[in-house]
1. Binned at 10 Å from 0, what are the whole-percent values of the Cα-Cα distance distribution for the chain, short to long?
2. Where the centre of each part is set by its Cα atoms, how far does region 87-101 sit from region 1-75, in angstrom?
3. Helix 171-181: angle to the longest alpha-carbon principal axis of the chain, degrees 0 to 90, nearest 10?
4. Under a cut-off of 22 Å between alpha-carbon atoms, report the lysines in cross-link reach of LYS41, not counting same-chain residues fewer than 8 places apart.
5. Heavy atoms only, probe 1.4 Å: what % of the accessible area of the chain goes to carbon and sulfur, would you let me know?
6. Would you mind calculating the gained length between ALA235 and ARG67 on full extension (0.36 nm times residue separation, minus the Cα-Cα distance), in nm to one decimal?
7. With both partners inside the chain, how many of the DSSP beta bridges are antiparallel, as a percent to the nearest 5?
8. Sorted by mean Cβ packing within 10 Å, highest first, what order do the peptides 152-163, 211-222 take?
Amino acid sequence: MGFPVIRPRRLRDASLVRSMVRETRLSLDQLVYPLFVAEGKNVREPIASMPGQFRLSLDKLLIEAERMATLGVPALMLFGIPAAKDPQGSGAYADDGVVQQAMRALREAKLPLVVIGDVCLCEYTSHGHCGLIADNRIDNDATLDLLARTAVSQARAGADIIAPSDMMDGRVRAIRAALDAAGFVHTPIMSYAVKYASAFYGPFRDAAGSAPAFGDRRTHQMDPANGREALREAALDVEEGADIVMVKPALAYLDVIRAVRERVDVPVAAYAVSGEYAMIEAAAANGWLDRDRMIYECLTAVARAGADVILTYHAPRAAELMAAGDWPPG
Ligand code: PBG
């Protein structure tokens, strides 16, 4: 039986029927808003390649966090921009590091927000690499201890979730052991399990000043051509104790999100990264694409692919649209 009895268009005729049969419903509960914390006071420095995003000092961060709580955005991911960097990335695990200070201030403010700490050394090392350098290579095993110290210092400062983004082998196990030994047995790990060596991180590296001074990240981040390897990385991190696994970037890796979703039982997160944000903003600024409809369509695609949690710089705009009942945007 086919046409004319069967007519898929029947369910598309009226807006109320369309929403009744809509398969994917993104909710604000799933979104995480990434923020850049800088040293100093009264700093709200625009990030050129990410229009609408800023490097914020503590005081300004608190104002932005309050705005998120009011909008109903449930979670923040914090990245630190330290005043000084060194070869060991010591700002990452300093008890009074820029992110640790922000976490303490957020905890004191008692806002209804989940605070997630990105754990990596690249924003804190003078060479911009994600680990310690020995003989011009990243020393994987020596880096694990520093990542574990970073995770514990963030948990002490009040992080609700620890999110390692460095892609060193064995870091989830090392971080889990260190958190447990320090008494943080209840602090979940959201691992950037499947993180590709991607050109989509360009604007982030601008924002954080974390572009590697020599070489690139291809010895630890994944080859964009590899899908099967994603399943192996995700399974390994679950085995090492990851509570949530992340795929990153999101939009160019929807097949990977779907495949990981089908392979693991833990929640899957996807990170719509800085370049995905920049593409939408640049096209919208030129009047080439409708910003709000792009935000809806891209975030919905990531959810449809199987992501339970989505990290996106568009979280506040999505929240505004949802609050206005303009979701999907007309
Ligand atoms: C590493 C880290 C990066 C991003 C998140 N964590 C940069 C990188 O791997 O070079 C990128 C996020 C984005 O592009 O929005 N600390």
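1. Reading upward from the zero bin: 6, 26, 36, 23, 7, 3, 1, 0.
2. Between the Cα centres of region 87-101 and region 1-75 lies a distance of 30 Å.
3. 70 degrees
4. LYS60, LYS85, LYS110
5. On the way: 7750 of 15030 Å².
Carbon-and-sulfur percentage of accessible area, whole number: 52.
6. Working: separation 168, 0.36 × 168 = 60.48 nm, distance 3.69 nm.
Difference between extended and current length: 56.8 nm.
7. Working: 5 of 38 bridges.
Here the share of antiparallel DSSP bridges comes out near 15 percent.
8. Values: 152-163: 22.6, 211-222: 14.8.
Highest to lowest by the protection proxy: 152-163, 211-222.
The values are calculated or read from the model by the stated rules, or taken from the named source; none is laboratory data. Everything quoted here is computed from the prediction, not taken from an experiment. All Cβ positions, even for glycine, are placed from backbone atoms using ideal geometry, and neighbour counts span all protein chains on display. The accessibility values were calculated without ligands, DNA or RNA, using every heavy atom of the protein model including side chains. Shrake-Rupley method; radii C 1.70, N 1.55, O 1.52, S 1.80 Å.
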